[in-house]
Amino acid sequence: MNTSPETPSEDGEPPSAARKAKTFLKKHRKVIIGTAAVVAAGLLVHLAKARQATDDTEGFEDRAETYAPQAPLPDPPPGPRRCARCEKAFDVEAARTEYNDWFDGDLDYDEHYAGEVCADCAVPDSEGLINQGRAIFMMNGDEDYDDDFVRMYL
């Protein structure tokens, strides 16, 4: 019996939305896990920066400006920059290309690193977050358990 999500059930009914969603999640699990891990890390960084901004403005009566929407980040200037992590000089365009090619477009350099981090730091950082997400899925039974992998990434 063919059990693809497009195959009608035995009673001739079209597949349910839940069945389609389950099949989609199984098929794209690694990308979803990696993206969720990177987004979670970005959210934590954003929250930490917001917390620091709040701490820096302690004592001000009007905090509306602190939480006002901010303009999008400008494009980083072309040419060499210093990596915020390893402090080596790097070219933003080359880092963007290397990172986006490494992840085949599943992750976007500008969305997560915005010209602040070189590809030599950004790629392993994102891979580590993806692997940490996979280890969590293994612990939850959503992926085949590999004890060595879980010990390495959790």
Rounded if a/c under 1.5, otherwise prolate or oblate - region 73-154, Cα gyration tensor axes: prolate
Cut-off under 5 Å, modelled amide H: who pairs with Arg81 long-range: Phe90, Asp91, Val92
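Laboratory data are not the source of any read-out in this text; all were calculated from the coordinates shown. What you see is a predicted model; the values in this text were computed from it and never measured.
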